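Enquirer: Sharing a structure, written as structure tokens. Questions coming.
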Amino acid sequence: KDASNSQRPKAAGRSKPDASGRVPRFPGSQIAGSSDIIAISGLAGSGKNTVGGVVAKKLSFRSVEPTFKTLAAREGISLMQFQEKAKKDANIDKKFDAALQEECAGGQCVVATWLGPWMAPGKPLRVWLDVTEEVRAKRLANRENITVEQARAHIHKRDADNRGRYKKVYGIDIYDHA
């Protein structure tokens, strides 16, 4: 194929341009950081925290597992209510991710969260857990003591909500792993 006639497709997950007009693929890489960070991500029910905890223990690294579930519990509301609140207020995500970056600053940690690979400072080892919907639904059903069908509906909503929010707030498409 003639390279002069081909155009490189624009990656869907790019962030908004910075002050110089550049569009960083991984916003966290613009922040000075340690190279001994492992950032694990995946969709709802993929096992981010489980895998992150195992890896952190094996490497004697700190485990950084910030979750909206924890923030929702602190406010005394459900996870889905907190997600609805975050849809209306982009500052919730921005504060959450700034706190994540601060917590990772010392390095030697495993970050297990949705946007960890995009937001962890420096150039972390980025891991995406690619888990089938069926396995994710079964994991969630077991964890939350709900039916597999209820779990499937829950992960569809969370996946769609988070994807939409991250696109809106950061211009990141978590389905784009190019």
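The values are calculated or read from the model by the stated rules, or taken from the named source; none is laboratory data. Computed from a predicted structure; not experimentally measured. Quick reminder, even Gly has a Cβ in these numbers, built from the backbone with ideal geometry, and neighbours come from all protein chains shown. Note: areas computed on protein heavy atoms with side chains; ligands, DNA, RNA excluded. Shrake-Rupley method; radii C 1.70, N 1.55, O 1.52, S 1.80 Å.
Enquirer: Can you pull out every residue in the range 70-108 that is open to solvent by 60 Å² or more (accessible area, probe 1.4 Å), touching a residue at least 12 places away in the same chain (Cβ under 8 Å), in a helix (DSSP H, G or I) and within 21 Å of Gly53 (Cβ to Cβ)?
Expert: Glu103
Enquirer: For the range 117-137, how many residues meet the condition of being open to solvent by less than 70 Å² (accessible area, probe 1.4 Å) and under 17 Å from Glu103 (Cα atoms)?
Expert: 7
Enquirer: So how many residues does the range 122-138 have that are assigned to a helix (DSSP H, G or I), farther than 11 Å from Gly42 by Cβ and charged (D, E, K, R)?
Expert: 3
Enquirer: In the range 167-178, which residue that is open to solvent by less than 70 Å² (accessible area, probe 1.4 Å) and in a loop (DSSP other than H, G, I, E, B) is nearest to Gly47 (Cα to Cα)? First the steps, then the outcome.
Expert: Step one: of the range 167-178, the residues open to solvent by less than 70 Å² (accessible area, probe 1.4 Å) are 169-174, 176.
Remaining after also requiring in a loop (DSSP other than H, G, I, E, B): 171-174, 176.
Numbers: Gly171: 25, Ile172: 21, Asp173: 20, Ile174: 16, Asp176: 19 Å.
Once the filter is applied, the top-ranked residue is Ile174.
Enquirer: When you go through (1) crowded, with 20+ Cβ neighbours inside 10 Å; (2) closer than 21 Å to Phe68 by Cα one by one for Gly164, which number turns out not to apply?
Expert: Unmet condition: (1).
Enquirer: If I ask for residues that are open to solvent by 20 Å² or more (accessible area, probe 1.4 Å), hydrophobic (A, V, I, L, M, F, W, C) and either under 19 Å from Thr67 (Cα atoms) or in contact (Cβ under 8 Å) with a residue 24 or more places away in the chain (or both), which ones from the range 140-161 would you list?
Expert: Across the range 140-161, the qualifying residue is only Ala160.
Enquirer: For the range 55-69, give me each residue that is in a loop (DSSP other than H, G, I, E, B), modelled with pLDDT of 85 or more and either in contact with a Lys or Arg (Cβ under 9 Å, 6 or more places away or on another chain) or surrounded by fewer than 14 Cβ atoms within 10 Å (Cβ to Cβ) (or both). I'd like the intermediate steps shown before the answer.
Expert: Kept after step one, since they are in a loop (DSSP other than H, G, I, E, B), are these residues of the range 55-69: 60-61, 65-67.
Remaining after also requiring modelled with pLDDT of 85 or more: 60-61.
Matches in the range 55-69: Ser60 only.
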